[in-house]
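S.K.: If you scroll down you'll find the structure; I have some questions about it.
No lab work stands behind these numbers, since they all come straight from the coordinates. All values reported here derive from a predicted model rather than from experimental measurement. Heads up, the Cβs are rebuilt from the backbone with ideal geometry, glycines too, and the neighbour counts pull from every protein chain shown.
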Amino acid sequence: MTAAEPIPNAARGLVVLGDNLEVLSGLPAESLDLIYIDPPFNTGKRQTLASIKTVRDEDGDRTGFKGQRYRTVKVGTSSYVDIHDDYLAFLEPRLAEMRRVLKSTGSLYFHIDYREVHYCKVLLDLIFGRDCFLNEVIWAYDYGARTNKKWPPKHDNILVYVRDPARYFFDAEAIERIPYMAPGLVGPDKADRGKLPTDTWWHTIVPTNGKERTGYPNQKPLGILRRALQGSCPEGGIVADFFAGSGTTGAAAYELGHRFLMVDNNPEAARVMAGRYAHFDGINYRGVNPSDSDVQTTLFAAG
Ligand SMILES: C[S@@+](CC[C@H](N)C(=O)[O-])C[C@H]1O[C@@H](n2cnc3c(N)ncnc32)[C@H](O)[C@@H]1O
């Protein structure tokens with residue numbers, strides 16, 4: 001791997017088992033075309049993270065927003081508000097690093113829960129700049145029970161930021177078009193061609209018994225990733241996911257002819273990815289043994 005290459009030259013993909021902040025800080029600046037992330041919130045892991053805070057300190061152990069140094073401080077067990085503060089403190093140095101490693105033409109897709117999105121939007125505005133906010137994509141689905149105590153929440157938010165609003169890559173022509181709701185109103189030619197999707201994406205969740213299912217919790221649908229990559233990744237570009245989970249982003253990238261970097265700190269995620277990518281050519285692994293994927297191969301077969 002040369003200083004300017006985030007993944008080995010000949011590789012189609014690289015899977016790394018490790019903490020994303022550590023991996024990010026070792027990557028060359030301006031080397032990625034597209035980053036998609038789908039960080040967890042309020043899981044068991046998150047609660048462990050909830051006891052950590054970063055504070056400004058010139059002698060600190062990490063670099064954060066605008067290159068400032070931060071020190072990691074352990075705090076006691078937290079109330080709800082503390083958990084929330086810590087979530088943003090956890091994200092901040094990572095998002096700052098993601099901005100650093102994006103090319104000037106690059107974009108970040110940040111997938112988040114409707115309860116957290118507003119806080120994360122403000123944080124991203126601070127890190128990227130408000131003028132770099134491109135879209136809020138709403139992924140609307142229709143699955144699971146419906147509460148009758150309020151409007152049943154059936155969407156996720158994906159915030160899209162670009163590194164440079166004057167130079168970012170976006171190719172509307174490459175995006176798979178969708179059928180018109182009333183094709184009779186637009187004439188046969190337009191109806192045949194379909195229309196460009198808007199910022200509201202209707203898409204089913206990964207079906208519980210579908211072929212796509214890996215068994216990894218919170219797996220996102222390939223169709224969502226495919227669409228993001230079609231619009232925002234140039235031909236043969238490098239796509240990264242620093243909260244990779246089951247590696248959906250890598251699967252979409254490979255399918256579309258891009259190269260990818262997948263990072264997760266959970267050995268289970270790394271094993272699922274090794275199983276999912278077993279039939280792909282040119283995938284390298286760091287910190288994970290790709291032949292140790294028996295459990296996931298069984299899951300695939302069962303799916
Ligand atoms: C919601 S899941 C991602 C699911 C993924 N989008 C998919 O389609 O399968 C979030 C992932 O972030 C990982 N994660 C959490 N903290 C991390 C960290 N500090 N470094 C790397 N990965 C982390 C978790 O292990 C988990 O697999």
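S.K.: According to a simple spin-label model (label point 7 Å from Cα along Cα-to-Cβ), what is the distance in nm between Arg56 and Asp199?
M.R.: 3.2
S.K.: Roughly how many nanometres apart are two label points built 7 Å out from the Cα toward the Cβ at Glu30 and Asn209?
M.R.: 5.3
S.K.: Put a dot 7 Å past each Cα toward the Cβ at Lys150 and Arg286; how far apart are the dots in nm?
M.R.: That separation, rounded to one decimal, is 4.2 nm.
S.K.: Specify the inter-centroid distance of the stretch 262-280 and the stretch 149-225, based on alpha-carbon positions, in whole Å.
M.R.: Each part's Cα centre sits 25 Å from the other's.
S.K.: Checking the a/c ratio against 1.5 first, then a/b against b/c, what shape does the Cα gyration tensor give for the stretch 193-303?
M.R.: Taking the square roots of the gyration eigenvalues as a ≥ b ≥ c, the stretch 193-303 is oblate.
S.K.: Out of all DSSP beta bridges with both ends in the stretch 13-295, state the antiparallel percent to the nearest 5.
M.R.: 50
S.K.: Too long at a 28 Å Cα-Cα cut-off: which of Lys121/Lys211; Lys149/Lys195; Lys154/Lys190; Lys154/Lys195; Lys190/Lys211?
M.R.: Numbers: Lys121/Lys211 34 Å; Lys149/Lys195 36 Å; Lys154/Lys190 30 Å; Lys154/Lys195 24 Å; Lys190/Lys211 33 Å.
Those over the limit are Lys121/Lys211; Lys149/Lys195; Lys154/Lys190; Lys190/Lys211.
S.K.: So if I place +1 on the C-beta of Lys and Arg and -1 on the C-beta of Asp and Glu, and nothing else carries charge, what would the dipole magnitude of the stretch 13-295 be about its Cα centre? I want it in debye, nearest 20.
M.R.: 540
S.K.: At a 10 angstrom cut-off on C-beta neighbours, averaged per residue, how do the peptides 171-182, 259-270, 115-126 rank from highest to lowest?
M.R.: Taking the mean over residues of other Cβ atoms within 10 Å, the ranking is 259-270, 115-126, 171-182.
S.K.: I've got another one for you. Compute the FRET efficiency between Ala11 and Glu136 as 1/(1 + (r/R0)^6), taking r as their Cβ-Cβ distance and R0 = 30 Å, and round to the nearest 0.05.
M.R.: 0.35
S.K.: When only alpha-carbon atoms are used, what values of Rg and Dmax, in angstrom, describe the stretch 224-275?
M.R.: 10.7, 31
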